[in-house]
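A short worksheet on the structure shown next.
Laboratory data are not the source of any read-out in this text; all were calculated from the coordinates shown. Given the structure is predicted, the values throughout are model-derived calculations rather than measurements. Note that we place each Cβ from the backbone using ideal geometry, even for glycine, and neighbour counts take in every protein chain shown.
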């Protein structure tokens, strides 16, 4: 098995560090504080949540539920996903719990579907669209409140900011009201759009205002990640230069997914001795593989936006985007045009803002732009 996991969670042996973050989340749960975790994409947020849940499950003291609502579009989708996760989790419970589900939940019905290729059955639930969404939510939370008397629940809702895109405007208030009535249930809300998450939890006009502890997930330290990579290389019997590992960390900017992907490629290439030249070959291989997709980005952006994102990549982060020096260096037009371009690129999640500076979101794309458009 390649030890550098790039999707899902494979257990503590394949998880790098995050000791402080893990302890903080566990402390919030043990002390019955709901928590909101925000980070940019590809920083390992989902892996961290599943790592914590792995430990909670192993302790035998908790029931954990994880759901990603990024692909939901309305309250019906949310109810389907939440209801399926909750009711599937209780399938192995006692008959008493099953009878409770029948008593509390009237608006959700079981559904069995079959994989068209393998024929394998899949068990899920669906929401009756003729029933009011708020009523079904109330039923689900009433059921959750009852079964949580038997055992403490921890529920993680990933990409929680997606609820702001729903056509229903009252969902936040309905969720907040139902959650506030629960005991013995802790929630972890997480997401990758900091602006939208902040608007949910930090605006005094919103139902979830100051209802959770807030946590921002940053990069793993170069020392911790370097040690993790070195240990895995030793297990694979890959000899290496220390500088080769540092090159990987600098090139990936310590963003979890990009570190994992690069090291996964190295492990998959069965390299016996990793020096700087071998690392450069891997870098080139990755950029060449992704190049067709990056050229497609040009069709998604205006000419000015393309010039602007290229300039940001070559600067590796800059705050003074309307300065005369920056504009002249990259042949950009007026300050007002740059501000409009920055706004559009932020909305498209091509770039992000960190501590007042702008960076290209996709680290490999940023590296490709630097490589292709170097002076």
R0 of 41 Å, Cβ-Cβ distance residue 284-residue 203: FRET efficiency to nearest 0.05: 0.35
Estimated FRET transfer efficiency when R0 is 30 angstrom, pair residue 26-residue 173 (beta carbons, to 0.05): 0.50
Within region 312-353: backbone nitrogen closer than 18 Å to the residue 296 label point (7 Å, Cα to C-beta): 348-351
Helix-only mean residue ellipticity at 222 nm for the chain, each DSSP H run of n ≥ 4 adding -39500 (n - 2.57), per residue, nearest 500: -16000 deg cm²/dmol
Sorted by Cβ neighbour density within 10 Å, fewest at the top, the residues 183, 255: 183, 255
Residue of 116, 167, 292 that the Gaussian network model of the chain assigns the largest fluctuation, springs spanning Cα pairs under 10 Å: 116
Rounded Å value of the spacing that divides the Cα centres of region 36-50 and region 313-375: 25 Å
FRET E, pair residue 239, residue 54, Förster distance 35 Å, beta-carbon r, rounded to 0.05: 0.65
Helix 133-147 axis, angle to the chain major axis (alpha carbon atoms, nearest 10°): 80 degrees
C-alpha long axis of helix 45-59 to longest principal axis of the chain, angle in °: 40 degrees
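What is region 258-375's relative contact order, in percent, from Cα pairs under 8 angstrom and six or more apart in sequence?
Details: 93 pairs, mean separation 34.1, N = 118.
Relative contact order, region 258-375: 29 percent.
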Order by protection proxy (mean Cβ within 10 Å, highest first), peptides 191-199, 354-362: 191-199, 354-362
Folded to 0 to 90 degrees: helix 242-252 orientation relative to the chain principal axis, Cα: 70 degrees
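Calculate, in nm to one decimal, what residue 135 and residue 347 gain on full extension: separation in residues at 0.36 nm each, minus their alpha carbon distance. Walk me through the intermediate numbers first.
Details: separation 212, 0.36 × 212 = 76.32 nm, distance 3.40 nm.
Taking 0.36 nm per residue and subtracting the Cα distance, the gain is 72.9 nm.
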C-alpha center-to-center spacing [region 162-235, region 251-302] in angstrom: 29 Å
Approximate spin-label separation residue 1-residue 322, in nm, with each point projected 7 Å along Cα-to-Cβ: 5.2 nm
